[in-house]
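Participant: This structure is in structure tokens; I'll ask about it shortly.
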Amino acid sequence: MQFQWYPGHMTKAKRQMQEDLKLIDLVIELVDARIPFSSRNPDIDELGKNKARLILMNKADLADPGKTEIWSNYFKSRGCFVVCIDARSKKGMKAIQNEIMEACREKIERDLRRGIKNRPVRAMVVGIPNVGKSTFINTYAGKACAKTGNKPGVTKGKQWIRLNKNVELLDTPGILWPKFEDQKVGLHLALIGSIKDEILNIDEMSLALIKLLMRDDPRAVAARYELEEETDAVEILKSVAKNRGCLKKGEELDYSKAAALIIDEFRSGKIGRFTLELPEDWELS
Ligand code: G4P
């Protein structure tokens, strides 16, 4: 399966982000907990290399909790602070404040040594489209939303949301584009819905998804789709079409309808909680 990705205004956005990064102390990077590697743009490691880093593993409600823990440990081993959240239901959000302060401890202590007290930490949210940046900012800053307005020395037009006396957030998130040469990364992005379905082959995608789901939790798949002994992806797709009444005109089975149904139910967590990848898949350590 070949994917194509059109990065649009990537260069301009990247330049803008470089400018914004100069203004902040902390990068808050959102990743999708179901694909923590594929949903990151590796450029952020370079762009944010002198900044404190907090990784939020969002949509943890949809991911396998054991694998979320493995990823969390992986990111921590790389010097990042990590919190697992479900920005939609606000789960896990309470831990963030403390992690922000921990991540910025060096900066706070440096300020104190220079006699600067109570200067808020400035943070910026970054991540690929659809990872939950707006949901997070709304949930996190919702009530706070007192914008501090422009400040001297800050690029005109930048708005800061004062979350509390310790933290200010740049109100516009930095949008990074997914980046991949590896087709597996492309597939995983497509499966969670980060690449437009119209440019993809739904049938092939669903077969790849079925294989991943069967690898990780065949019982959940069998229970959801009332399977008997089927283990082959094509056979499973056929059974789903049959059991869910996916029919074309006449009595012919509609595989594409069944494929779309499986993908949709995976995305909304109806089949179970799945994480499609582990650090070892890319020999990360
Ligand atoms: P973005 O700014 O990074 O592009 O992402 P955005 O916040 O728009 O979120 C993209 C989709 O992900 C939204 O769903 C949002 O509700 C959902 N979402 C965000 N955080 C979580 C989470 O922690 N768990 C789950 N399960 N979903 C989350 P949507 O279908 O596009 O919109 P809506 O139906 O919620 O209105």
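The values are calculated or read from the model by the stated rules, or taken from the named source; none is laboratory data. Predicted, not measured: the structure shown is a model, and the values here were computed from it. We place every Cβ from the backbone using ideal geometry, glycine too, and count neighbours over all the protein chains shown.
Participant: Do you know which residues across the stretch 106-131 are more than 16 Å from the ligand (Cβ to nearest atom), in contact (Cβ under 8 Å) with a residue 24 or more places away in the chain and part of a loop (DSSP other than H, G, I, E, B)?
Facilitator: Selection gives 118, 120.
Participant: Quick check: anything in the stretch 139-147 within 11 Å of the ligand (Cβ to nearest atom), closer than 17 Å to residue 29 by Cβ and of a type outside the set (A, V, I, L, M, F, W, C)?
Facilitator: Yes, there is a match, as at least one residue in the stretch 139-147 is within 11 Å of the ligand (Cβ to nearest atom), closer than 17 Å to residue 29 by Cβ and of a type outside the set (A, V, I, L, M, F, W, C).
Participant: Mind telling me which of the residues 41, 58, 50 ends up being within 16 Å of the ligand (Cβ to nearest atom) and either under 22 Å from residue 167 (Cβ atoms) or of a type in the set (A, V, I, L, M) (or both)?
Facilitator: Matching residue, one of 41, 58, 50: 58.
Participant: Give 34, 53 a once-over and let me know the one that is among the basic types (Lys, Arg), surrounded by fewer than 21 Cβ atoms within 10 Å (Cβ to Cβ) and at pLDDT 95 or above.
Facilitator: Going through 34, 53 in turn, just one is among the basic types (Lys, Arg), surrounded by fewer than 21 Cβ atoms within 10 Å (Cβ to Cβ) and at pLDDT 95 or above: 53.
Participant: Mind listing just one residue for me: the one in the stretch 193-239 that is among the hydroxyl-bearing types (Ser, Thr, Tyr) and more than 21 Å from residue 252 (Cα to Cα) and, of those, modelled with the lowest pLDDT?
Facilitator: Once the filter is applied, the top-ranked residue is 194.
Participant: While we're looking at this one, here's another question. Of all helices (runs of 4 or more DSSP H) completely enclosed by the stretch 8-105, which ones contain at least 1 residues that are over 23 Å from residue 189 (Cα atoms)?
Facilitator: 10-21, 65-77, 95-103
Participant: For the stretch 256-281, enumerate the residues that are surrounded by fewer than 18 Cβ atoms within 10 Å (Cβ to Cβ) and assigned to a loop (DSSP other than H, G, I, E, B).
Facilitator: Scanning the stretch 256-281 gives 268, 269, 270, 272, 278.
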